[in-house]
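The values are calculated or read from the model by the stated rules, or taken from the named source; none is laboratory data. Since the model is a prediction, treat every value here as computed from it, not as a measurement. Cβ atoms come from the backbone with ideal geometry, glycine included; neighbour counts cover every protein chain shown. In case anyone asks, the SASA skips ligands and DNA or RNA and just uses the protein heavy atoms, side chains included. Shrake-Rupley method; radii C 1.70, N 1.55, O 1.52, S 1.80 Å.
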Amino acid sequence: MVIARQYQAEDRLRDGRCVWLRAIKPADRDLLREGLHHFSPESAYHRFFSAKRELSEGELDYFTQLDFVKHVALVALVDDGAGPLLVGTARYIVEPAELRPKSAEVAFAVGDAHQRLGIGAVFLRHLAAIARANGLCALHALVLAENRPMISVFRKSGLPMTTTRFDRGVLEVTLQLAP
């Protein structure tokens, strides 16, 4: 079992820069609140399926106060020259066993200025490793069919993938986590 609450890792982006991943903390509330302002309306819509511009206090609690068993989240930080900058978050939420045993829904958010650098792929690689180590067998994501960059991240992950139509304009992606 991986102790996700203490998770820290370093990885590389496509442009060669270092990206640091760590478990999200309650103290990240203000960073998340501010981070949403770095999303274009299109990026916010791709993540939340709505034109969200602010996070409520309840959402900030939900996103930052986790048990790290059934709800695991990571943040990505890069050095912007003035110190570490939070550029994205990723999470999985374990689904009820009676609905989908040993599986979790996964979601990603990366600010516009840092998209297409490989942060989504880095997040997926690390979340998949944590999920696998914690006994999960599959990750699921609801993705807008128009969100081709995110679908590409899943497709290029190397994990066995199936895609089904969930709703009008929404796909459900399932990734199998090999043992």
Hey, can you tell me all the residues within segment 130-144 that are open to solvent by 20 Å² or more (accessible area, probe 1.4 Å), of a type in the set (Gly, Ala, Ser) and outside any loop (DSSP other than H, G, I, E, B)?
Ala133
Go through Arg100, Arg116 for me and flag whichever is in contact with a helix residue (DSSP H, G or I) (Cβ under 8 Å, 6 or more places away or on another chain), surrounded by fewer than 18 Cβ atoms within 10 Å (Cβ to Cβ) and part of a loop (DSSP other than H, G, I, E, B).
Arg116
When the residues of segment 46-64 are filtered to those that are of a type in the set (Phe, Trp, Tyr) and at pLDDT below 85, which remaining residue is surrounded by the most Cβ atoms within 10 Å (Cβ to Cβ)?
Phe48
Any idea which of (1) part of a strand (DSSP E or B); (2) open to solvent by 70 Å² or more (accessible area, probe 1.4 Å); (3) modelled with pLDDT under 90; (4) under 30 Å from Asp30 (Cβ atoms) is the one Phe166 doesn't satisfy?
(4)
All-but-one check, Leu175 against (1) out of contact with any Gly (no Cβ under 6 Å at 6 or more places or on another chain); (2) open to solvent by 20 Å² or more (accessible area, probe 1.4 Å), failing number (2)
Among the residues of segment 145-162, which ones are over 14 Å from Ala121 (Cβ atoms) and either of a type in the set (Asp, Glu) or surrounded by 15 or more Cβ atoms within 10 Å (Cβ to Cβ) (or both)?
Glu146, Asn147
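Condition first: within 17 Å of Gln176 (Cα to Cα) and surrounded by 14 or more Cβ atoms within 10 Å (Cβ to Cβ). Can you find one or more residues in segment 76-92 that meet it? Full working, then the answer.
So in segment 76-92, the residues within 17 Å of Gln176 (Cα to Cα) come out as 91-92.
Still in the list and also surrounded by 14 or more Cβ atoms within 10 Å (Cβ to Cβ): 91-92.
Yes: segment 76-92 contains one or more residues that are within 17 Å of Gln176 (Cα to Cα) and surrounded by 14 or more Cβ atoms within 10 Å (Cβ to Cβ).
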When you go through (1) modelled with pLDDT of 90 or more; (2) over 19 Å from Phe154 (Cβ atoms) one by one for Arg29, which number turns out not to apply?
(1)
Name the single residue, out of those in segment 63-114 being among the polar types (S, T, N, Q) and more than 19 Å from Leu142 (Cα to Cα), that is farthest from the chain's Cα centre (by Cα).
Gln65
